[in-house]
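*Asks:* Structure provided below as structure tokens; questions to follow.
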Amino acid sequence: MSNQLGIPDLIMNYFYSGYTLFNTIIYSIILIIILFGILKLFEKLEINPSEIIVSLIPLILLGSSTRALVDHGILPYNILLITPGIYIIVGIIGIASLLFGYYLCRKKEINYKYTIFLIGLIFAIIPLSMIEGLKINILGEILGIWFILTLVFVIVGKYWKLYRDKINLSIISAHLLDATTTFIGVDYYNYTEQHVLPEQIYNISETALTMYPLKIIVITIAIYLIEKYIDDETLKGLLKLVIFVLGLAPGIRNMLTIIIS
């Protein structure tokens, strides 16, 4: 009898058993390859990716709420409903929505932003309708802290043009939501961080409060470098869109995981 793992077992052990340094690197490589193809698509359609940031929020909500429902056992633990499966599905829906929206824009002069938003909203209603109860007090804590911190950067934007830009402000706000849900979840409600680097930092500091300076410093540097050194508007827009999604998606997932009764 062979004791070697089959391909399905290898996939489950290395890619569906939590985040490790190995699968984080693999995910990053795959993401870069996919983004190259998406960049070429946006160039072909002559659309700046940053223009659809708001339009994609319902699709982000779809992926994050589905993942939160799996966390609570409301939906089954299935490779299609957890990371990375659910986000691959959402990505496919997003690309299909973009192409369909572009088609309607050309044929019927219907703004593709509205089409993408509406399609995402229709899909997002499905998992959201499965949520039966929310811990409103915790939701208030999260949104209160997030609002105050976002307001700080609105004020910063009055003196620093980097955050005077609404897209840049949206990006830092998305990551502040992620930082807030991580801090509250880990420090007060016994949740654990799954990503490799933040987990190591928490082990040293013994508090997820460190997520705030980590997020603010890294995201601010990233936005600054994009603004200063990238001239291609499509590439610049795509990078901003990706950073936005990487903040908002886990932020909403964490929030829903914490507040679902």
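The values are calculated or read from the model by the stated rules, or taken from the named source; none is laboratory data. On a predicted model such as this, the values are computed, not experimentally measured, just so you know. With ideal geometry, Cβ positions are generated from the backbone for all residues, glycine too; neighbour counts draw on all protein chains shown. Heavy atoms of the whole protein, side chains included, go into the accessibility calculation; ligands, DNA and RNA do not. Shrake-Rupley method; radii C 1.70, N 1.55, O 1.52, S 1.80 Å.
*Asks:* According to the square roots a ≥ b ≥ c of the eigenvalues of the Cα gyration tensor, what is the shape class of segment 115-155, taking rounded for a/c under 1.5, prolate for a/b larger than b/c otherwise, and oblate for the remainder?
*Replies:* The shape class here is oblate.
*Asks:* Report the gain in length on full extension from residue 136 to residue 160: 0.36 nm times residue separation, minus Cα-Cα distance, nm rounded to one decimal.
*Replies:* Residue separation times 0.36 nm, minus the Cα-Cα distance, leaves 5.1 nm.
*Asks:* Could you run the Karplus curve 6.51 cos²θ - 1.76 cosθ + 1.60 with θ = phi - 60° over segment 155-168 and give me ³J(HN,Hα) per residue in whole Hz, x for Gly and Pro?
*Replies:* 5, 4, x, 6, 10, 10, 5, 4, 9, 7, 5, 5, 5, 4
*Asks:* Amide H of residue 260 versus every other amide H placed in the peptide plane: which residues, excluding those fewer than 5 positions away on the same chain, fall under 5 Å?
*Replies:* Correct list: 135.
*Asks:* Which of the three applies to segment 28-165, rounded, prolate or oblate, going by the alpha-carbon gyration tensor with a ≥ b ≥ c and a/c under 1.5 meaning rounded?
*Replies:* It is oblate, given that a/c is not under 1.5 and a/b is not larger than b/c.
*Asks:* Further, regarding this structure: What ³J(HN,Hα) values, in whole Hz, does the Karplus curve 6.51 cos²θ - 1.76 cosθ + 1.60 give for segment 52-57 when θ = phi - 60°, with x put for Gly and Pro?
*Replies:* 9, 4, 5, 4, 8, 4
*Asks:* Compute the distance in nm between two label points, each set 7 Å from the Cα along the Cα-to-Cβ direction, one at residue 190 and one at residue 206.
*Replies:* Taking the two extended label points, one gets 1.9 nm.
*Asks:* Something else now. Just to verify a number: FRET efficiency for residue 261 and residue 129, C-beta to C-beta distance, R0 = 22 Å, to 0.05?
*Replies:* 0.90
*Asks:* So, one more: Please give the contour-minus-distance gain from residue 225 to residue 77: 0.36 nm per residue of separation, less the Cα-Cα distance, rounded to one decimal in nm.
*Replies:* Full-extension gain reported as 49.4 nm.
*Asks:* Something else about it: Calculate, for the chain, the solvent-accessible area per residue in square angstrom, rolling a 1.4 angstrom probe over the heavy atoms of the protein chains.
*Replies:* In whole numbers, the chain has 57 Å² accessible per residue.
*Asks:* When a/c reaches 1.5 or more, the comparison of a/b and b/c decides; with that in mind, is the chain rounded, prolate or oblate per its Cα gyration tensor?
*Replies:* Because its axes are fairly even, with a/c under 1.5, the chain counts as rounded.
*Asks:* Express the carbon and sulfur contribution to the solvent-accessible surface of the chain as a percent, rounded to the nearest whole number, probe 1.4 angstrom.
*Replies:* 69
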